[in-house]
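*Asks:* Quick one: the structure is below, questions incoming.
The values are calculated or read from the model by the stated rules, or taken from the named source; none is laboratory data. Just so it is clear, the model here is predicted, and its values are computed rather than measured. Because the Cβ atoms are built from the backbone with ideal geometry, glycine has one as well, and the counts that use them run over all protein chains shown.
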Ligand SMILES: [Zn+2]
């Protein structure tokens, strides 16, 4: 069911993203930050269909985030997140990106950046979350 603009603007997720407009600085997430952002996006955008993944914070030059599905149990997923982001907004955008991959995995789709990936763009946009294949410069690449 479609939520009104007013309903969306009252959600914790919307306010959380908005706060980043004024607080944009280097962000080092904790596991609890990951879970909090995941929970809010899952509730507002994915109708709570996603199971809380196993989060791991890693150093990587190649990606901001990465989603790994479990072949044995499609409901289980591991999401790797960078230990350090250029901003909290980038962290939230990355989380949303990985969650779309988790959703693809849960629905037996390949984790690609095709039309099924981008169908989430409009809904995320309502919360000012930007869904893209890569973020800004080449060095912002995520997978
Ligand atoms: Zn991706």
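*Asks:* Which of the residues spanning segment 81-113 are touching a residue at least 40 places away in the same chain (Cβ under 8 Å), part of a loop (DSSP other than H, G, I, E, B) and more than 11 Å from the ligand (Cβ to nearest atom)?
*Replies:* Result: 83, 84, 86, 87.
*Asks:* Here is a check on your reading of the model: is residue 117 more than 24 Å from residue 18 (Cβ to Cβ), under 13 Å from the mean Cα position of the chain (by Cα) and in a helix (DSSP H, G or I)?
*Replies:* yes
*Asks:* While we're here: Listed residues 131, 124; which is modelled with pLDDT of 90 or more, assigned to a loop (DSSP other than H, G, I, E, B) and either within 15 Å of the ligand (Cβ to nearest atom) or surrounded by fewer than 16 Cβ atoms within 10 Å (Cβ to Cβ) (or both)?
*Replies:* 131
*Asks:* Let me ask you something else. Given the residues 75, 45, which is the only one that is away from the ligand (no atom under 16 Å from the Cβ) and farther than 30 Å from residue 5 by Cα?
*Replies:* Of 75, 45, the one residue that is away from the ligand (no atom under 16 Å from the Cβ) and farther than 30 Å from residue 5 by Cα is 75.
*Asks:* Given the options 11, 78, 22, name the one that is farther than 19 Å from residue 133 by Cβ, modelled with pLDDT of 90 or more and over 15 Å from the mean Cα position of the chain (by Cα).
*Replies:* 11
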